Amino acid sequence: MTDALHLTCLMVGGTVFLCRAWVLVSRARDTVAVALCVYVGLSALSYLVLLPPVYVSIDRWTGLRNGAGMGSGVSVLGLTVAQQYLLMHWTYPRSVARRRFRRRLALGLIVIVTYVVSFLVFAPRQERFHDFYLEYTHRLFQAPYLVIYTLACLGGQADVVRHCWRYAAVSRGTWLRRGMMTTAVGGMLILGYAIMRVADLVAGPLGYDLRGMEPVVWLCGDIGSALSLIGWVLPTMGERLSAAARWVRAYRIHAHLYPLWRALQEEVPGVALGPQPSRLADRLRVRRMDFWLHRRVIEIHDARRALHLASAGDGPGGPPGRERGSALLAALRRADERAGFASSPRDRDFDGEVELLTGLAKAFLAERRVAS
């Protein structure tokens with residue numbers, strides 16, 4: 001299960017990293033974009049080196065036992081520093097954020113250097129892949145770097161959770177607020193991971209073995225990391241997600257209105273902007289969906305108005321097949337009554353018009369099925 005979780009987090013992180021790296025080509029001077037790219041890249045790297053084939057290969061290439069474990073630890077500590085930059089930028093004015101981050105950066109670099117030096121000085125004597133951490137908690141005097149790593153993770157994530165919960169409530173941006181809340185939840189899970197690692201550090205010297213908790217430990221760590229990753233990128237990708245949701249809604253409604261629009265255009269062809277597309281061609285129309293949805297709503301209203309005028313004999317020239325037009329008009333009136341919009345107000349906004357016509361189109365299809 002642990003390998004599957006690592007692979008899933010690697011896929012999520014790798015995908016986001018590729019997307020962010022592509023954007024970074026045109027925004028190389030944007031320090032926030034650079035910090036976010038560094039964070040996502042280190043997150044993906046921390047899981048990549050933990051995959052068994054990669055882990056074994058790194059140990060073989062470097063000649064350092066559990067060198068991949070050290071690389072994963074350095075990646076986690078590095079992304080913790082990158083998190084601090086993003087956190088300061090999103091919660092403080094620029095001048096204050098820079099001053100606060102400089103202190104955190106200095107502390108982070110000291111922690112990373114101390115971690116690497118202690119790992120090299122107290123190099124593991126045997127290769128332990130699956131239980132490296134637990135094995136050396138029973139011999140902490142040989143692995144002080146575990147204490148450094150665990151306490152750094154605990155302190156860093158506690159700071160992230162505290163800031164995110166505090167500022168999410170007062171944030172004005174919707175996607176920034178959602179991102180900070182998601183990051184806070186992920187940080188709490190990572191805090192659970194760090195607390196259980198502290199429990200390992202305490203239990204090891206006392207002779208207790210918490211090996212049975214490892215699945216829960218990695219579940220908290222991996223799910224928390226994935227949520228934190230999503231939370232950090234939401235403020236930068238949220239608007240695109242909103243735009244995608246609007247496109248899906250417009251496309252769905254545009255297609256749903258097609259039968260009603262087609263029936264009206266056959267009776268009143270003069271109000272259409274262009275030639276009538278087939279159902280397939282209409283489905284394949286994917287660009288400028290907001291424009292085409294507005295056009296469809298307008299053309300349906302114009303055709304209904306022209307049909308009413310022609311039926312009453314007030315128009316300059318009715319459409320051919322007055323009997324068919326009267327039948328269609330009668331069907332539309334019954335559909336109006338079926339949909340409950342017979343006395344709907346005239347001051348609706350566009351969303352109200354869409355809701356009206358969506359209900360009318362559904363009722364019109366029901367009328368056609370009854371008639372056939």
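The values are calculated or read from the model by the stated rules, or taken from the named source; none is laboratory data. All of these numbers come straight from a predicted model, not from anything done at the bench. We place every Cβ from the backbone using ideal geometry, glycine too, and count neighbours over all the protein chains shown. The protein model used for the area step is the full one, side chains on, heavy atoms only, and it has no ligands, DNA or RNA in it. Shrake-Rupley method; radii C 1.70, N 1.55, O 1.52, S 1.80 Å.
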Only one of (1) free of Cβ contacts under 8 Å to residues at least 24 places away in the same chain; (2) open to solvent by 30 Å² or more (accessible area, probe 1.4 Å); (3) closer than 14 Å to Leu229 by Cα does not apply to Val12, and that is (1)
(1) touching a residue at least 24 places away in the same chain (Cβ under 8 Å); (2) buried (at least 16 other Cβ atoms within 10 Å of the Cβ); (3) in contact with an Asp or Glu (Cβ under 8 Å, 6 or more places away or on another chain): which one isn't true of Phe17, the others all being true?
(3)
From the list Val54, Val34, Val23, which residue is over 17 Å from Leu227 (Cα atoms), in a helix (DSSP H, G or I) and more than 20 Å from the chain's Cα centre (by Cα)?
Val54
Please determine whether any residue of segment 215-231 is open to solvent by less than 70 Å² (accessible area, probe 1.4 Å), touching a Leu at 6+ places or on another chain (Cβ under 6 Å) and within 19 Å of Leu36 (Cβ to Cβ).
yes
Among Gly204, Gly212, Gly155, Gly186, which is the only one that is free of Cβ contacts under 8 Å to residues at least 60 places away in the same chain, buried (at least 18 other Cβ atoms within 10 Å of the Cβ) and not acidic (Asp, Glu)?
Gly186
Of all the residues that make up segment 238-261, how many are in contact (Cβ under 8 Å) with a residue 24 or more places away in the chain and open to solvent by less than 60 Å² (accessible area, probe 1.4 Å)?
12
